[in-house]
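What follows is one structure encoded as structure tokens, with my remarks underneath.
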Amino acid sequence: MKDLQHDPKSGSTGDDHPIRKLLSSMTMGASPASAITMWTDWAVHLGTSPDKQLALAREAQQNWTNWLTFMAKGCPADPDHWPAQPKKTDRRFRDPLWSKPPYAAWAQAFLLTEDFYNTATSDIPGLTPAHDAAMTFTVRQMLDALAPSNFLATNPEALKRTAETGGQNLIEGAFHAFADAQNAAHRIRKAPTKTVGKDVAVTPGKVVLRTHLMELIQYAPTTDTVHREPILMVPAWIMKYYILDLSPDNSMIRYLTEQGFTVFAISWRNPDATDAHLGMMDYLKQGPMTALDHICQTTGAERVHATGYCLGGTLMSIAAAQMARDGDTRLASLTLLAAQTDFTEAGELTLFINESQVAVLEDVMAEQGCLEANQMMSAFQMLRSNDLIWSQMIRRYLMGEGEAEMNDLMSWNADSTRMPARMHSEYLRQMFLNNDLAAGRYQVDGRAVSLRDIRAPIFGVGTETDHIAPWKSVFKIHDLGHADVTFALTNGGHNAGVISKPGHNRRHYRLHTIRDDENTLTPEDWMQVAEMHQGSWWPAWTTWLAEQSSDRIAPPKMSGTLEDAPGTYVKME
């Protein structure tokens, strides 16, 4: 395949590509230069900040004194007497066994160490904000690996299990570790336990259009009449489309058809090395633009409700801006589900996305032709290492437990995909590095598009604990367009917060609309005025969609059907 060519501004050329490929393979895709620069920047500025050093010395002395006092009191179980408090999301030391000595002492020593190093890597005078955040994240990852919960001798829960089973848990854990090592060596991924088309993605429908990159699925109506304007669902191509059509009682697509909407969904192809040349414009033209043409031609609809999820929402935003620029008025509304359009505060994923790291990734992809699924999943797992890495290792290797039964969402998460080299390079550079879309520099067909041209009403959804698309980043759509924006903030993470079926326990959301002619609000001010609601946000969204729709008509017929849903592309390995 033809090598990816870096931006001339980066100073790299194709002449040294073989050397860079070799180096990138040795570092497993990490940029040594980026890491060295980060550590050096931190060390130099800390070394030249005597006030910070003095503050750290005082904190270390205070932590040591507090810990010794805690020990002298017999490690009281009352949290009011603990020197350090774990975060609400930290579940490592919740078992009552951790409140007894000596385990309580070890847990407190670890938490105090975490607090100290968080101070040591934060607010260093002169340290760049990017290196400040990256250092804090890196050191946290290193400490997470050394937590007392990760080792048999210092984990009371694992020791109790060992005593109860006579060591059988450790034998089972050894078998699990060996099997996992074998799978890793042979690059065998955990297989989904739900069968596509049988357990998940079972909403009745037909594939009505196919391009090289996508299959368009039209779903069968379940009501006698439907809203005149159909819905086009544009998922991210990082994962399979059926996140929107999980089990029958957890399917957003099925729910929409039950509310009287005609639903179309894009199912993306799982690309391989032969698709390395495909870029963002290929996804735009072969995806939502081709789908819109087909929907309007076959249903007679003049307008369509477009819904984009995650990266699919970013793509749909580009499509909406292009359509607005060109006078195309076919969008009745635009819904963005955990989708970013401004990447200045795009969360922890951005900590290590810099010119050096992107160049190394381009070298890796130039060799492979695509970004492999396991490479992508490793990056996502690092964002929540306690939940997705260390807790799983404790459960399997120390407790000797087998694989937990997957629910539909977990099974979908295991069904990951690849990304073409050119597309991923363009996405990282134009969005994360340059923020071209928010700045009005992103070009479609040789001309820039602007989100400020969008006039179609927008429904945005952010989730409170999203590590991939933080809600305050998703919220920035308020500042980028000239449209009325209704925004819902729901509890949960990037996936579970969006797939929030009605009737789900412990669900809530905030909702508020800011009109185009009203003053904008900061996320903090928005939180103060947004009304809190219990339950799923789906009913509020479908009510909003109905308000943006016209009359109801008989369901449109399916034309040009190729095969039954869920089609072929979703089953590609």
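A few notes on this one:
- Chain lengthening between ASP525 and ILE36 when straightened (0.36 nm per residue, less Cα-Cα): 172.1 nm
- Charge dipole of region 100-220 (Cα centre as origin; +1 on each Lys and Arg Cβ, -1 on each Asp and Glu Cβ, all else neutral): 700 debye, rounded to the nearest 20.
- For the chain, the solvent-accessible area with a 1.4 angstrom probe is 45 square angstrom per residue.
- Charge-dipole axis of region 464-536 as Lys and Arg at +1 and Asp and Glu at -1 on Cβ define it, positive-most pick from PRO502, LEU489, VAL529: PRO502
- Rounded if a/c under 1.5, otherwise prolate or oblate - region 422-573, Cα gyration tensor axes: rounded
- Share of pairwise Cα-Cα distances greater than 16 Å in region 436-518 is 59 percent (whole percent).
- 3J(HN,Hα) couplings calculated from phi for region 328-335 with the Karplus curve 6.51 cos²θ - 1.76 cosθ + 1.60 (θ = phi - 60°) are, in sequence order, 8, 9, 7, 8, 7, 6, 9, 10 Hz; Gly and Pro show x.
- Per-residue [θ]222 nm for the chain (sum of -39500 (n - 2.57) over DSSP H runs n ≥ 4, rounded to 500): -11500 deg cm²/dmol
- Hydrodynamic radius of the chain by the Kirkwood approach over all distinct alpha-carbon pairs: 26.0 Å.
- Point-charge dipole on Cβ atoms (K/R +1, D/E -1) for region 228-358, about Cα centre, debye to 20: 340 debye
- Probe 1.4 Å, all protein chains present, accessible-area order of HIS504, HIS45, largest first: HIS504, HIS45
- Comparing TRP98, THR162, VAL200 along the charge dipole axis of the chain, the residue lying farthest to the positive side is THR162, per the Cβ-charge model.
- Proximal lysines to LYS160, defined as alpha-carbon separation beneath 21 angstrom and excluding residues fewer than eight positions away on the same chain: LYS100
- Taking every DSSP beta bridge that has both ends in the chain, the antiparallel portion is near 55%.
- Within the straight-line cut-off of under 16 Å between alpha carbons, the lysines reachable from LYS571 are LYS190, LYS194, LYS198, LYS206, LYS240, sequence neighbours fewer than 8 places apart in one chain being disregarded.
- Mean-position separation - Cα centroids, region 49-67 and region 496-532, in angstrom: 41 Å
- For region 357-515, the Kirkwood hydrodynamic radius comes to 18.8 Å, computed from all pairs of different C-alpha atoms.
- Cβ-defined net charge surrounding PHE459, 13 Å radius [Lys, Arg +1; Asp, Glu -1]: -2
- This model, with +1 at the C-beta of Lys and Arg and -1 at the C-beta of Asp and Glu, gives the chain a dipole about its Cα centre of some 760 debye.
- Here's the picture: charge each Lys and Arg Cβ at +1 and each Asp and Glu Cβ at -1 in the chain, and of ALA404, SER251, ALA72 the one pushed furthest to the positive end of that dipole is ALA404.
- Förster-model FRET efficiency, 35 Å R0, GLU518 and ASP445, C-beta, rounded to 0.05: 0.55
- Accessible-area composition of region 134-211, carbon plus sulfur, in percent [1.4 Å probe]: 61 percent
- Lysines whose Cα lies under 24 Å from that of LYS472, excluding same-chain neighbours fewer than 8 positions away: LYS87, LYS88, LYS501
- Under the combined filter of DSSP loop state and at most 15 neighbouring Cβ atoms within 10 Å, region 537-573 retains these trypsin sites (Lys or Arg not before Pro): LYS557.
The values are calculated or read from the model by the stated rules, or taken from the named source; none is laboratory data. Just so you know, these numbers come straight off a predicted model, no measurement behind them. Cβ coordinates were reconstructed from backbone atoms using ideal geometry, including for glycine residues, and neighbour counts include every protein chain displayed. All accessible areas refer to the heavy atoms of the entire protein, side chains included, with ligands and DNA or RNA removed. Shrake-Rupley method; radii C 1.70, N 1.55, O 1.52, S 1.80 Å.
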